[in-house]
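So the structure is just underneath, and the comments pick up after that.
The values are calculated or read from the model by the stated rules, or taken from the named source; none is laboratory data. A quick note: this is a predicted structure, and the numbers were derived from the prediction, not measured. Note: ideal-geometry Cβ built from the backbone for every residue, glycine included; neighbour counts use all protein chains shown. Ligands, DNA and RNA are excluded from the accessible area calculation, which covers all protein heavy atoms including side chains. Shrake-Rupley method; radii C 1.70, N 1.55, O 1.52, S 1.80 Å.
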Amino acid sequence: MIFDIVTIFPDLLDSPLNEGILRRARLKGQITTNIINLRDFADDPQTMTDDRPFGGGEGMVMKPEPLARAVKSQQNADGSTQAKVILLSPQGRSYNQKIAGELAGEQHLILVCGRYEGVDERFRAGYVHDELSLGDYILTGGELAAMVIVDSVTRLLPGVLGCSDSADKDTFSRNLLKHPQYTRPRVFEDQAVPEELLSGNHEQIETYRFLASVQRTLDRRPDLLKIESFSPSEIKLLRKHGLYEKVQMIQDVTPKR
Ligand code: 9D3
């Protein structure tokens, strides 16, 4: 899969792509990342990529021509399919695991990092296929958002994670938060590891973890809970431990995201 990232701060993106799983995926050829310096596509000597807004007002707007030239330079650069162009901006729809899964099915993404107050609307209209935001907080630009997309999509690609760390055991595919985890020592600052985890009894351990996951999800992310996602044997367990009623109640009063 090819990720082209169009930015005015190319250096910002170097190290995240050069560590850990992203680095390994690049070296194994599972992903290709190209950092495109928008300034290379500016036309005037001062390499202006932004300008003052028509109509007046605060801040600057990214000019359409450099953005369009940068995108065109990468579009069909791999010969075959049309790349999907994604603008990262506070006006985009909110990114989530479902969108990550959809993007993992693409062959070529061009991620355009917004800066300043935004981009000229005609670039958006003519070149952008989708516009994404990370959520309701303010960043200084789209670069970190682009890295989040590359990271979250890459780990979904076949063969990128080891088989021990399979993508579908994750939090968001089960609608449950992960249970608390412990390693050595058995006692740390007067806090012991729960007995159930030391029992060596696999069924007891799984039951403990399942109940702890449900409890944690009830406490922290009730919006994730889906009563339909529990199997009959899980519902029996929840009933036995007084959690079924709580899940049902919270399910009824929590707005879904
Ligand atoms: C005053 C209006 N602001 C828009 C909400 C101006 C503004 C703030 C921040 C314009 C651009 C930016 C830079 N942010 C991004 O480019 C961005 C972003 C974000 O700020 N939050 C969450 N996701 C993203 S993706 C790109």
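Note the full-extension length gain between K240 and M60 as 0.36 nm times their separation in residues minus their Cα-Cα distance, in nm to one decimal.
Details: separation 180, 0.36 × 180 = 64.80 nm, distance 6.06 nm.
Using 0.36 nm per residue and subtracting the Cα-Cα distance, I get 58.7 nm.
So, R0 is 25 Å and r is the distance between the beta-carbons of K178 and D14; what FRET efficiency does that work out to, to 0.05? Numbers along the way, then the final one.
Details: r = 31 Å, r/R0 = 1.25.
Once the sixth-power term is evaluated, E becomes 0.20.
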Students sometimes get this wrong: rank C113, C163 by accessible area, probe 1.4 Å, all chains present, largest first.
C163, C113
Between R24 and R216, what FRET efficiency comes out of the Förster formula 1/(1 + (r/R0)^6) with R0 = 35 Å and r the beta carbon distance, rounded to 0.05?
0.70
Seen from all sides and averaged, what is the projected area of the convex hull of the Cα atoms in the stretch 2-154, in nm²?
9.4 nm²
Which chymotrypsin sites (Phe, Trp or Tyr not before Pro) does the stretch 20-108 hold that lie in a coil by DSSP with at most 11 other beta carbons within 10 Å?
F54
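So with the 1.4 Å probe, I'd like the accessible area per residue for the chain, rounded to whole Å².
Averaged over the residues of the chain, the accessible area is 60 Å².
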Under a crude label model (7 Å from the Cα following the beta-carbon direction), how far is M249 from Q191 in nanometres?
2.7 nm
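For a test of understanding, tell me how many lysine pairs in the chain have Cα atoms under 14 Å apart, given they are 8 or more places apart or on different chains.
Lysine pair count for the chain: 5.
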So which GluC sites (Glu not before Pro) in the stretch 169-227 end up in coil per DSSP with only 11 or fewer other C-beta atoms within 10 Å?
E189
Among G105, L12, P45, whose Cα projects farthest towards the positive end of the dipole of the stretch 2-154, with charges put on the beta-carbon of Lys, Arg (+1) and Asp, Glu (-1)?
G105
If you take every DSSP beta bridge whose two residues both sit in the chain, what share of them, in percent to the nearest 5, is antiparallel?
15 percent
For the chain, report the % of Cα-Cα distances exceeding 30 Å.
45 percent
Estimated inter-spin distance, Q82 and A125, nm [label 7 Å along Cα→Cβ]:
1.9 nm
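At 222 nm, what helix-only mean residue ellipticity would the chain give, in deg cm²/dmol to the nearest 500, using -39500 (n - 2.57) for each DSSP H run of four or more?
Details: 10 runs with 91 residues, N = 257.
Computed ellipticity for the chain at 222 nm equals -10000 deg cm²/dmol.
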